[in-house]
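Below you'll find the structure, written out as C-alpha cells, and then a few comments.
Only the coordinates and a few stated rules stand behind these numbers; no lab work does. Keep in mind it's a predicted model, so treat the numbers as computed, not measured. All Cβ positions, glycine included, derive from the backbone under ideal geometry; neighbour counts span all protein chains shown.
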Amino acid sequence: MQYPLNLGGKYKRRKLAEFAASVKSMNYAEIKNVDVANGPGVRVSLFVSGCTHHCPGCFNPETWDFAYGTEFGEAEIEKTPEPMKQLGPKDRQGKFTACYTKKAQPDYKGTLKGGRSVVFEAKHTSGDRLEQSVVTDDQRKRLDRHMALGAECFVMVSFGFREFFKVPWAIFRAMKEHYGRKYIKPEDVQEYKVKYIGGVLRFL
Ligand code: SF4
C-alpha cells in the first residue's frame, strides 16, 4: 500500500519521523525523498508493505506481502568508509601495504528511530586501560561538532572483547575532569556497561 505524505519542508520531515517512530512493527518498501510521480507537487512518499486489496493491475504486487521490504528498526547505522591507497604489489596471499588517503572520521554514523543522529567511535584494548588519545584530534573535533548540533555521540569501548561500555562523548572528552587521568579502566565506567547477548551488543 502506498502512503504518500503531501507535506512541505521541515514539517514533512518531522511528520514522517513522527510516523516512523509510532510504528511498532511494520515493513516499508521504499521512501522517496523527492517524488513528483505520486500526486501534485513535490512530496515525500513512504511506501509501506502489506496490502489485502489485491487490485487488478496493481503496479506493486510484490509489496502485498506484509514481510516485504525493510523493517522499521531502532536505528540505521553505517560504517564510515575509510579510503586508502595501495602502496605496493600484493603478495601471494593477496596482502599489500596501504595508507589512508583521508583523515579519520568517526567510525559510525546513522539515524536513530525518531530522527536523531547518532555518531560514535569504536575502540578496543586488550589491556585494562584505554587512553583518551586513541581518538584523534580530527575525530574529536568532528564528534564535538556533531554533539553541539544535538547528535547522540559516544565511544563504544571494548575491554578484551569481554566487557563493553557506551561512554558518552561528553564524559570521554573530559576524562581528566571525571577520573583524574587521561585513560579509563573498566571500573571507572561501569554505569555505561552494555549488555552483550547472543553475539549482539544491546547499546541502543
Ligand atoms: S493492491 Fe496495489 S493498487 Fe490496490 S490498494 Fe493495494 S497497493 Fe494499492
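Does Ala151 satisfy being closer than 18 Å to Pro106 by Cβ, surrounded by fewer than 17 Cβ atoms within 10 Å (Cβ to Cβ) and either of a type outside the set (Phe, Trp, Tyr) or over 18 Å from the mean Cα position of the chain (by Cα) (or both)? Taking the combined requirement at face value, the residue does not satisfy it. For the stretch 33-58, the candidate set comprises residues that are more than 9 Å from the ligand (Cβ to nearest atom) and of a type in the set (A, V, I, L, M, F, W, C); within that set, the residue that is nearest to Gly69 (Cα to Cα) is Val48.
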